[in-house]
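The values are calculated or read from the model by the stated rules, or taken from the named source; none is laboratory data. Keep in mind that this is a model prediction, so the values were computed, not measured. Backbone-built Cβ (ideal geometry, glycine too); neighbour counts: all protein chains shown.
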Amino acid sequence: MAKKILLVCAGGFSTSMLVEKMKEEAASKGLEIIIDACAENAIESNLPADVIMLGPQMGHAEDGVKVKVGPQVPVTTIDMMDYGMMDGEKVLDAAKKLMGI
Amino acid sequence: MDKQNFRMKIQKFSGKIQSNKFLGSISNGLMLTMSVLIIGSIFTLLDSINITAYQEFLQSTGLKSILSIPPSVTVSLISLYAVATISYSLAGKYNKDGLTAALISMMSFLLLTPMGLMEDGMSTGIGTRWLGAPGFFVAVIIALLVSRLYVLIVDKEIYIKMPKGVPPTVEKSFASIVPGIIIATIMLALRGIFQTTDYGNVHSFIYSILQVPLTNLGGSWWAFLATTLIGSLLWGIGIHGTMIVYSVMAPIWTTLRLENLSAYQAGLELPHLAPGGVFQATYITIGGSGATIGLAIAMLYATSKRYKTLGKLAILPSFLGINEPIMFGFPVVLNPRLLIPLIAVPFINVSLALGLTAVGILPRLAGIGSPLGTPMFINGFIEGGWRVAVFQVILVLISFAIYYPFFKKIDVEAYNEEINAENAKESENVILEN
């Protein structure tokens with residue numbers, strides 16, 4: 001089954017840009033990964049996911065999200081610079097590492 | 001160490017504000033009203049474009065009276081919509097049935113609203129004045145109060161439990177009876193109590209002791225200067241300041257904006273100097289939080305590869321008011337070298353905009369509220385015509401002038417680093433002293 005990366009953000013505008021970049025990156029590498037974005041209060045309805053990545057502006061919510069989704073799903077905050085530079089490759093690599101692929 | 005500690009404390013505090021269920025459901029609920037509110041805004045615009053030939057055409061074809069209907073069932077009834085969407089959001093945050101909570105809240109709101117027999121002696125009229133902007137605070141209070149009460153009643157399991165085998169829908173409809181009865185009784189009691197006072201009803205009580213004073217306070221000069229400053233400072237330490245400020249100010253800012261919009265629609269003088277979030281988006285945070293539009297333009301002239309790349313990436317979204325790439329990619333947040341322009345530019349923007357509006361050089365903004373992502377200049381033009389759009393151009397130039405010298409220094413350093421790194425030929429691993 002295809003793995004799923006879930007990005008979590010506040011407004012959703014800039015994260016949607018990053019999702020596009022990551023999808024391009026995954027497609028060019030021939031990876032079958034579902035990449036999706038949602039707001040913090042919609043995480044539960046977007047589960048299951050194999051990794052949850054928070055936008056840097058949501059970093060303060062990391063602990064709360066960890067409690068919410070339980071220990072089996074890795075939760076991380078995206079590196080500020082990678083996020084700002086919309087570096088799809090680096091963020092995808094970080095996600096792959098956390099998912100163990 | 002102490003500084004770090006202080007930052008963590010503020011971060012925690014902001015996190016608390018941002019994840020506060022009540023504040024969160026107000027802004028979520030308001031976002032949900034967007035779909036009907038925007039219809040009202042579009043038709044208000046269509047109805048009031050100030051071209052004589054166009055207005056004559058509307059009058060002669062009878063279109064005028066038709067175009068004014070959508071605003072009067074959206075903007076003018078906004079409190080009725082908001083009470084439902086806000087309580088829906090709050091109940092959802094407690095994992096409860098949002099629709100039931102929304103309906104009970106709507107009922108409660110109407111139970112508190114004056115009504116009476118119409119002149120025809122047959123139909124009952126509801127005081128629509130309180131369903132519009134003047135009833136907005138009551139809508140917010142009732143939505144939060146009733147929804148929380150609903151959650152409490154359901155949690156305490158005082159609803160009627162059905163034996164196994166009864167279809168879940170039956171249980172659901174019966175479940176809503178108990179909370180409904182309890183809440184309706186409370187509302188009727190409230191209505192009764194207020195009928196005996198000079199205010200006559202809850203609406204005029206809340207309006208005069210809470211809504212008017214708070215909106216005057218929140219719409220004042222110093223409130224805008226303070227919220228602008230706080231927003232910038234929070235961004236400086238890496239917190240989404242714009243969002244924090246909005247989640248606290250949302251009820252007041254929305255009221256300011258709606259009161260201007262209602263007046264605009266009725267062709268009256270606009271009551272507020274600065275209609276909240278619309279004022280902020282049009283002037284203060286032009287090009288995104290921190291008014292970084294000038295920085296985005298400056299990056300187009302970058303000598304370093306790093307900022308050239310970021311500039312290309314960031315410029316288009318910046319014109320749409322989206323600047324997270326700059327905030328985090330430059331980065332502007334947590335960057336002491338950009339703290340001065342980050343604070344100065346929005347502050348200059350808000351001071352100039354308030355001043356020029358007060359003396360009448362700039363028109364008051366209508367409060368149309370174009371959706372996030374509307375290009376700058378266009379959003380200004382929609383709010384107040386060409387003068388606003390021209391002033392936005394000036395704000396962009398100011399932002400450029402202030403950000404540029406700070407940017408230039410950082411850019412030259414980045415360029416030198418890149419050159420050195422290339423010369424050293426071991427590009428990736430070279431660590432240069434800062």
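Residues in the stretch A:2-44 that are small (Gly, Ala, Ser), more than 25 Å from B:Gly288 (Cα to Cα) and surrounded by fewer than 19 Cβ atoms within 10 Å (Cβ to Cβ): A:Ala2, A:Ala27, A:Ser28, A:Gly30.
Of these, B:Leu112, B:Leu131, which one is free of Cβ contacts under 8 Å to residues at least 60 places away in the same chain and closer than 28 Å to B:Pro179 by Cα?
Details: B:Leu112 fails: free of Cβ contacts under 8 Å to residues at least 60 places away in the same chain.
Just a single option satisfies the conditions, and that option is B:Leu131.
The C-beta contact set for the stretch A:79-101 (first residue over 15 Å from B:Val332 (Cα atoms), second residue aromatic (Phe, Trp, Tyr) and crowded, with 17+ Cβ neighbours inside 10 Å, distance under 9 angstrom, 6+ apart or interchain) comprises A:Val91/A:Tyr83.
Let me spell it out: the conditions are (1) outside any helix (DSSP H, G or I); (2) more than 27 Å from B:Val245 (Cα to Cα), and A:Thr76 meets all of them except one. Which number is the exception? Here A:Thr76 clears every test but (2).
So, B:Arg337, is that one more than 11 Å from chain A (Cβ to nearest Cβ) and either buried (at least 24 other Cβ atoms within 10 Å of the Cβ) or touching a Pro at 6+ places or on another chain (Cβ under 9 Å) (or both) or not? Give the steps one after another, and end with the answer.
Values: more than 11 Å from chain A (Cβ to nearest Cβ): yes; either buried (at least 24 other Cβ atoms within 10 Å of the Cβ) or touching a Pro at 6+ places or on another chain (Cβ under 9 Å) (or both): no.
No, not satisfied.
Of the helices (runs of 4 or more DSSP H) that lie entirely inside the stretch B:1-109, those containing 1 or more residues that are within 30 Å of B:Ile183 (Cβ to Cβ), within 14 Å of chain A (Cβ to nearest Cβ) and not hydroxyl-bearing (Ser, Thr, Tyr) span B:2-19, B:21-48, B:78-93.
Would you confirm whether or not the stretch B:30-43 contains a residue that is assigned by TED's automatic domain parsing to the domain that holds B:Pro71 and in contact with a Lys or Arg (Cβ under 8 Å, 6 or more places away or on another chain)? Give the derivation first.
Pass one, the stretch B:30-43, residues assigned by TED's automatic domain parsing to the domain that holds B:Pro71: B:30-43.
Narrowing further to those that are in contact with a Lys or Arg (Cβ under 8 Å, 6 or more places away or on another chain): none.
Taking every residue of the stretch B:30-43 in turn, none turns out to be assigned by TED's automatic domain parsing to the domain that holds B:Pro71 and in contact with a Lys or Arg (Cβ under 8 Å, 6 or more places away or on another chain).
Note on the stretch B:321-334: among residues that are farther than 11 Å from B:Leu233 by Cα and surrounded by fewer than 24 Cβ atoms within 10 Å (Cβ to Cβ), the one that is modelled with the lowest pLDDT is B:Ile322.
Checked against (1) more than 18 Å from B:Gly277 (Cα to Cα); (2) touching a helix residue (DSSP H, G or I) at 6+ places or on another chain (Cβ under 6 Å), B:Val359 meets all criteria but (2). Here B:Leu310 fulfils each of the conditions (1) touching a residue at least 60 places away in the same chain (Cβ under 8 Å); (2) closer than 22 Å to B:Asn420 by Cα; (3) part of a helix (DSSP H, G or I) apart from (1). Counting the residues of the stretch B:256-275 that are closer than 20 Å to B:Ala353 by Cα and in contact (Cβ under 8 Å) with a residue 60 or more places away in the chain gives 12. For the stretch B:293-322, enumerate the residues that are at the interface with chain A (Cβ under 9 Å from one of its Cβ atoms) and more than 17 Å from B:Leu397 (Cα to Cα). B:Arg306, B:Thr309, B:Leu310, B:Leu313, B:Ala314, B:Pro317, B:Ile322 - these are the residues of the stretch B:293-322 that are at the interface with chain A (Cβ under 9 Å from one of its Cβ atoms) and more than 17 Å from B:Leu397 (Cα to Cα). Among residues that are facing another protein chain (nearest Cβ under 9 Å), free of Cβ contacts under 8 Å to residues at least 60 places away in the same chain and polar (S, T, N, Q), A:Asn41 is included. Counting only residues that are within 9 Å of chain B (Cβ to nearest Cβ) and crowded, with 18+ Cβ neighbours inside 10 Å, the stretch A:60-77 holds 2 of them.
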